[in-house]
């Protein structure tokens, strides 16, 4: 899961958001635009269920009306940037729903407002760490409404047949994969176009590729945690323990899971419903378990992006926008709508998610094991803190995916990607006139 105004080339010290600048003017104040009368807020989102949530808001409010506009996630940042560069308030929404990969980038580009002041009184309604996940350099750019706890599903029948216990660590997953290989079973699937499993593993282990240091960005792709994660991935590839089915051929991947040819899957709540809908033969065989641990962990923490509702800089009603965003993120009706497997299947970012979790677990997929899911998901919802995306996070990920594809094809080693990304990201940031710590 996704990312992002702030000043320009001149950067302020003490980790202010101006240190994240991409453009060439001085930083301005964030302000708290409000209105004495009824207002209409245009909201952009591509998420399933978001329109129903907006309708629920409108039914409950007379003073603020949300005008919902469906904008696909892959078009969101470009459309916002175009409106921002044109300075055209009529083409800019007042709320956008996206993740911290997009949000951090848009914030650094000056497209989003700092809403820390307007959000301060509502932070107690939101889960620990969620607001920080949508903050950079003391500035907050979004109201969190969903998080992505990572956990594992195992095909119990496959593991029982092989006489294996479920692996608890990534190293144990490799050992299990070697034994399953004898039966023609892959332990995992890694898509050649998607480096997120590797990135999340490094993140979970403690890697921090982007950090604010003083008035600049510190870039570190070559730390020991990233190298460890690269080594795990390389072993899985070298030992031929994983299938390499593209998500573009999702049906083929599901057929392998359903035939017992892929034994485990790391995922979050939003992926459960589609998995259940696609498989037939193995319904009821899938048992939930905690995410794999990394070195130094007794219990796993979850990497994974945080989604939120963000307020563009051109919005003239930021106070009302934050009020609407908090209602959408914390009120029972929209939280249940976005959490339903029939829509987004999101894990809510509220302080107490427990009342909303039973519905995110589709019963047929796990059968008698379903009762274990909510406790495991809750335990998995201890999120790794300190991870930030940077001003060029979208471009970074595209380059990372390109390099990952080469490693999956055997043209390079996974570890070779790290020094390449270090040089590439630093060079790209400098070309964007961003301060970088050497």
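Miscellaneous remarks
- Pick from segment 221-246, criterion farther than 17 Å from residue 416 by Cβ and assigned to a loop (DSSP other than H, G, I, E, B), ranking: nearest to the chain's Cα centre (by Cα): 246
- All helices (runs of 4 or more DSSP H) inside segment 247-351 with 3 or more residues being under 20 Å from the mean Cα position of the chain (by Cα) and either within 22 Å of residue 40 (Cα to Cα) or assigned by TED's automatic domain parsing to the domain that holds residue 106 (or both): 318-330, 332-339
- So residue 326, is it in contact with a strand residue (DSSP E or B) (Cβ under 6 Å, 6 or more places away or on another chain), at pLDDT 95 or above and crowded, with 19+ Cβ neighbours inside 10 Å: yes
- Options 177, 184, 260; residue that is on the phi > 0 side of the Ramachandran plot and in contact with a strand residue (DSSP E or B) (Cβ under 8 Å, 6 or more places away or on another chain): 260
- Sole exception among (1) at pLDDT 95 or above; (2) on the phi > 0 side of the Ramachandran plot for residue 87, by number: (1)
- When residues of segment 178-198 are limited to those that are in contact with a helix residue (DSSP H, G or I) (Cβ under 7 Å, 6 or more places away or on another chain) and part of a helix (DSSP H, G or I), the one nearest to residue 258 (Cα to Cα): 180
- Restricting segment 352-365 to residues that are surrounded by 20 or more Cβ atoms within 10 Å (Cβ to Cβ) and in a helix (DSSP H, G or I), the residue that is modelled with the lowest pLDDT: 360
- Some residue of segment 124-134 being assigned to a loop (DSSP other than H, G, I, E, B), closer than 22 Å to residue 319 by Cβ and in contact with a helix residue (DSSP H, G or I) (Cβ under 7 Å, 6 or more places away or on another chain): yes
- Within this structure, residue 368 fails the test of being part of a loop (DSSP other than H, G, I, E, B), outside the structural domain of residue 294 (by TED's automatic domain parsing) and surrounded by fewer than 20 Cβ atoms within 10 Å (Cβ to Cβ).
The values are calculated or read from the model by the stated rules, or taken from the named source; none is laboratory data. Note that the structure is a prediction, hence the values are computed from the model and not measured. Note that each Cβ is placed from the backbone with ideal geometry, even for glycine, and that neighbours are counted across all protein chains shown.
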